[in-house]
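Just so you know, all these numbers are worked out from the coordinates, no wet-lab data involved. Everything quoted here is computed from the prediction, not taken from an experiment. In this analysis, Cβ positions are derived from the backbone assuming ideal geometry, glycine residues included, and neighbour counts consider all displayed protein chains.
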Amino acid sequence: MAAEKTNLKKTVADCQASAKAAAERLLKTFSFVPDNKLSWTPSKTARSSLGIVAHCCMANQMFAKILRGESVSPMPTLQQIHEMSQKFEATIHDRAEAVRQLEASCEEVVAALGTMTADRFATSPVSPGGEIPMAVWMSLPSMHTGGHATQIDYLQTIWGDVADHM
């Protein structure tokens, strides 16, 4: 039993550290987006850098709910999540607000991870694609945020910034 608690504690600590590192990575690359490019997008359906950060904020809030064991019922469909994300993205209008919201949502995820129990860890909360083991949910904030950081890196190359901002 003590070994299980130690492993869960380590898993939680690792996931907390990864979530923080991914948020820092996203904010670093976002800091290199020129002010006149914050809302720039290569197409009507693509997110801007500002939209990407806002999307990560909203996703972190959803991840935190699930990590705390709160019900997300009914679980929205992928289309509904996309629509919710677009509405939330429209509420963030500048870099400072995006940074503040991302930092706050990362803190919320880290705190939610800190509430993990062995019983909750053994669950598989529902996602739009079906049940996902809690161990995977715990790693989603870092994977999701890190993936979106690379999208901003790509947007930067479109306007000629080919430097690595890691």
Enumerate the calculated ³J(HN,Hα) couplings along region 85-100 in order (Karplus 6.51 cos²θ - 1.76 cosθ + 1.60, θ = phi - 60°), each rounded to whole Hz, writing x wherever the residue is Gly or Pro. 5, 4, 5, 5, 4, 5, 8, 10, 10, 8, 4, 4, 5, 4, 5, 4
Kirkwood Rh, the chain, all Cα pairs: how many Å? 16.6
Roughly how big is region 67-110's charge dipole about its Cα centre, with Cβ charges of +1 (Lys, Arg) and -1 (Asp, Glu), in debye to the nearest 20? 80
Cα centroid separation, region 66-105 to region 131-160 (Å): 14
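Could you sort 83-90, 137-144, 156-163 so that the peptide with the highest average Cβ count within 10 Å comes first and the rest follow in order?
Answer by packing, highest mean first, reads 137-144, 83-90, 156-163.
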What is the local net charge at residue 142, summed over the other residues whose Cβ is closer than 10 Å to its Cβ (Lys, Arg +1; Asp, Glu -1)? +1
Kindly write out, for region 53-62 in residue order, the coupling ³J(HN,Hα) from the Karplus curve 6.51 cos²θ - 1.76 cosθ + 1.60 (θ = phi - 60°), rounded to whole Hz, with x marking Gly and Pro. 5, 4, 4, 4, 4, 5, 4, 4, 4, 5
So, with points 7 Å from each Cα along the Cβ direction, the residue 80-residue 161 label distance in nm works out to 3.6
Determine the dipole magnitude for region 2-158: charges of +1 sit on the beta-carbon of Lys and Arg, -1 on that of Asp and Glu, nothing else is charged, the reference point is the Cα centre, and the result goes in debye to the nearest 20. 140
Of 20/65; 20/44; 65/87; 10/65; 44/65, which pairs sit farther than 28 Å apart, going by alpha carbon to alpha carbon? 20/44; 44/65
Give the order of 81, 52 when sorted by the count of other beta carbons within 10 angstrom, beginning with the fewest. 81, 52
Give me a comma-separated list of calculated 3J(HN,Hα) values for region 28-41, in order, Karplus coefficients 6.51, -1.76, 1.60 applied at θ = phi - 60°, integers in Hz, x for any Gly or Pro. 5, 5, 5, 5, 8, 6, x, 3, 6, 10, 4, 9, 5, 9
